[in-house]
Amino acid sequence: MASKPFSKSFFAFYRFVRQRLGNAPGQHHRRQSTNGIPTYPEIIEGCPLASQDDDQLQNKVLILDIEGGLLRSQSLFPYFILVAIEAGGFLRGLILLCLYPLLYCLTQELQSRVMVMVCFLGLREEKVTRVARATLPKHFLEDIGREGLEAVRGFKRVVGFSRMIPRVMVEDFLKEYIGLEMVVGREVKMVRGCYVGLMEMEGERRLGLDKLEGTEMVGFGSSSSYFSHNHHQLFTSCKEVYLVTPEQKKQWSTLPRDQYLRPLIFHDGRLAFRPTPQATLAMFMWLPLAVPLTVLRTLVFVNLPYSISLPIGSASGVTTRVINSPISATGNANHGAFPQPNPQGRLYVCNHRTLLDPVYISVMLNKKVSAVTYSVSLVSELLSPIQTIRLTRNRNEDRRRMEHSLQKADLVICPEGTTCRESYLLRFSPLFVELVDEVYPVALVNWSNMFYGTSTGRSKYMDHFYYFMNPHPAYVVEFMDRMPTYVAINGRRCESYEVANMVQGEIGRVLGFEPTKLTRKDKYRILAGNEGVVDTKQ
């Protein structure tokens with residue numbers, strides 16, 4: 001009889017040890033030794049993983065803890081607030097921000113569940129997927145630790161798992177930009193294509209590790225998350241688990257852009273800053289002032305002469321700088337920079353940053369010009385202070401329309417056909433080369449410290465409003481020397497696309513941007529999953 005209390009105590013202690021080691025019955029997979037006895041991974045702190053020989057790592061599979069072994073920040077709030085605002089709107093983001101003091105008092109597991117409920121409840125799957133594909137990768141890349149990525153690079157096969165971030169938020173980023181073979185994460189439950197805001201329990205995950213059978217696995221994560229939580233069941237399948245200490249992780253440096261495994265050329269979303277709780281609070285405090293200020297700036301640029309609107313815009317915080325201005329200090333044409341105009345109008349060719357590019361060129365020229373548009377909303381055309389000419393994507397018809405416009409006035413064209421936020425230039429369409437004997441390249445660069453003035457979504461008609469909502473939006477316009485469209489090399493006349501590449505390369509050289517062969521269709525297929533045609537009736 002005395003053995004029964006002892007047996008109960010022994011088995012209670014045994015269950016406690018199994019739970020602390022993350023091997024609760026029915027939930028975790030333990031490695032089996034040759035004699036069939038379950039074994040546990042060897043824990044190695046200090047992150048010596050990056051110093052191992054690459055040849056030793058090629059035949060192993062790395063099990064990567066995303067939050068603990070890749071990202072520098074311990075806070076997941078910025079990623080959830082991005083989903084809340086970009087997919088659900090500013091009101092949903094404000095609700096999440098108001099809950100932040102409560103979240104600060106909860107455990108990380110409860111924090112994640114509350115944020116999932118607020119961010120996902122009622123959203124359709126395609127909205128969240130779009131944010132995960134087009135917006136979150138930029139912010140994840142800016143949070144990657146260089147030391148963490150160096151530990152990953154030595155492995156040919158990497159499986160990532162996320163303990164607190166739902167799989168739908170991280171999978172596209174990890175596969176496209178880090179090159180992970182598989183991503184394991186918690187799912188958010190849906191009903192008829194809409195999220196209900198409930199995240200699955202730890203034991204409900206579907207691992208799908210059939211492809212990893214028979215391979216030696218090595219784990220990599222953070223010691224703080226490993227010992228403070230029930231570590232992930234994938235770690236119990238590893239022979240060794242390397243852990244980085246909190247002190248080491250605090251010393252991790254930001255991953256430089258030139259070390260990205262895949263360059264970040266396209267991204268979407270309105271927020272131009274990392275939305276920490278403090279920065280998000282500052283944004284919501286600025287919004288009541290930003291809305292009337294945006295209306296004022298828009299009315300000034302649309303209705304007043306340039307000589308008046310430019311000083312008023314500067315007084316309201318809009319910074320504009322011109323380099324090699326074709327206008328002299330007296331307001332007359334600077335014929336030293338540009339000779340007398342031909343009877344035909346001049347063709348200004350510029351890179352594309354926002355819808356305001358032609359407007360800023362017109363302001364710097366101190367005269368009205370025309371601009372061609374590919375696919376902009378009716379609202380943008382109505383508010384434009386300059387004439388816009390809509391192209392049809394029919395080469396002959398587009399050429400006729402641009403030639404007709406050049407007979408009346410100067411014309412501004414953005415051969416990229418769409419905007420690019422990063423320091424890259426998309427392929428220049430060569431049609432402009434066939435219109436005139438010489439073109440006037442213009443290099444543009446702008447800065448937005450709070451909101452991006454570009455979008456691939458249905459709110460494109462709000463692009464210029466968002467740009468003017470920034471506290472201090474800035475534009476730099478640099479007029480370059482004219483370039484002939486007739487170019488001969490070794491007695492052979494260059495094709496129109498070759499001349500277009502030369503113009504692209506010259507603008508890229510001035511700006512320090514990298515020319516690419518990517519097109520408008522590439523951008524919209526990556527970010528929006530469509531051809532980039534906007535409904536003009538919106």
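The values are calculated or read from the model by the stated rules, or taken from the named source; none is laboratory data. Everything quoted here is computed from the prediction, not taken from an experiment. A quick note on method: Cβ atoms are made from the backbone with ideal geometry, for glycine too, and the neighbour counts reach across all protein chains shown. With ligands, DNA and RNA removed, areas are computed over all heavy atoms of the protein, side chains included. Shrake-Rupley method; radii C 1.70, N 1.55, O 1.52, S 1.80 Å.
If you go through the range 429-454 and pick out every residue that is of a type in the set (Asp, Glu) and part of a helix (DSSP H, G or I), you end up with 1.
Quick check: anything in the range 202-218 in contact with a Ser or Thr (Cβ under 7 Å, 6 or more places away or on another chain) and closer than 22 Å to Pro41 by Cβ? Step through it out loud before you land on a result.
First, pick out the residues of the range 202-218 that are in contact with a Ser or Thr (Cβ under 7 Å, 6 or more places away or on another chain): 217.
Subset that is closer than 22 Å to Pro41 by Cβ: 217.
Within the range 202-218 (the criterion being in contact with a Ser or Thr (Cβ under 7 Å, 6 or more places away or on another chain) and closer than 22 Å to Pro41 by Cβ), the answer is yes, since at least one residue qualifies.
As an exercise: evaluate Leu91 against (1) closer than 16 Å to Val196 by Cα; (2) of a type outside the set (S, T, N, Q); (3) without any contact (Cβ under 8 Å) to a residue 24 or more places away in the chain and give the number of the one condition it does not meet. Every condition holds for Leu91 apart from (1). Taking the criterion of being within 22 Å of the chain's Cα centre (by Cα) and not in a strand (DSSP E or B), the residues of the range 153-164 that qualify are Ser162, Met164. The listed residues are Asp65, Asp53, and the only one of them that is open to solvent by less than 20 Å² (accessible area, probe 1.4 Å), farther than 23 Å from Ile526 by Cα and at pLDDT below 95 turns out to be Asp65. Does Arg520 meet the test of being at pLDDT below 95 and in contact with an Asp or Glu (Cβ under 8 Å, 6 or more places away or on another chain)? Criteria met by Arg520. Filter the range 78-117 down to the residues that are open to solvent by 10 Å² or more (accessible area, probe 1.4 Å), of a type in the set (Val, Ile, Thr) and within 15 Å of Met164 (Cα to Cα) and list them by number. Those that are open to solvent by 10 Å² or more (accessible area, probe 1.4 Å), of a type in the set (Val, Ile, Thr) and within 15 Å of Met164 (Cα to Cα): Thr107, Val114. Counting the residues of the range 385-400 that are surrounded by 15 or more Cβ atoms within 10 Å (Cβ to Cβ) and free of Cβ contacts under 8 Å to residues at least 40 places away in the same chain gives 7. When the range 410-448 is filtered for residues that are surrounded by fewer than 17 Cβ atoms within 10 Å (Cβ to Cβ) and within 19 Å of Leu355 (Cβ to Cβ), the ones remaining, listed by number, are Glu422, Trp447. How about the range 494-503: which of its residues are open to solvent by 30 Å² or more (accessible area, probe 1.4 Å) and part of a loop (DSSP other than H, G, I, E, B)? Of everything in the range 494-503, just one residue is open to solvent by 30 Å² or more (accessible area, probe 1.4 Å) and part of a loop (DSSP other than H, G, I, E, B), namely Glu495.
For (1) under 18 Å from Tyr475 (Cβ atoms); (2) part of a helix (DSSP H, G or I); (3) open to solvent by 50 Å² or more (accessible area, probe 1.4 Å); (4) outside the structural domain of Leu356 (by the TED database), each residue gets a yes or a no:
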site: Met283; (1), (2), (3), (4): no, yes, no, yes
site: Leu293; (1), (2), (3), (4): yes, yes, no, no
site: Val300; (1), (2), (3), (4): yes, yes, no, no
site: Ser307; (1), (2), (3), (4): yes, yes, yes, no
site: Ile312; (1), (2), (3), (4): yes, yes, yes, no
site: Gly317; (1), (2), (3), (4): yes, no, no, no
site: Val322; (1), (2), (3), (4): yes, no, yes, no
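Just one of Arg163, Arg153 is among the basic types (Lys, Arg) and either touching a Lys or Arg at 6+ places or on another chain (Cβ under 9 Å) or open to solvent by less than 50 Å² (accessible area, probe 1.4 Å) (or both); which is it? Checking each option against the conditions leaves just Arg163.
Residue check: Val363 meets all listed conditions (1) under 27 Å from the mean Cα position of the chain (by Cα); (2) surrounded by 22 or more Cβ atoms within 10 Å (Cβ to Cβ) but one, namely (1).
Only residues that are surrounded by fewer than 20 Cβ atoms within 10 Å (Cβ to Cβ) and in a strand (DSSP E or B): list them for the range 455-493, please. Ala474, Val476, Glu478, Met483, Pro484, Ala488, Ile489, Arg492, Arg493 - these are the residues of the range 455-493 that are surrounded by fewer than 20 Cβ atoms within 10 Å (Cβ to Cβ) and in a strand (DSSP E or B).
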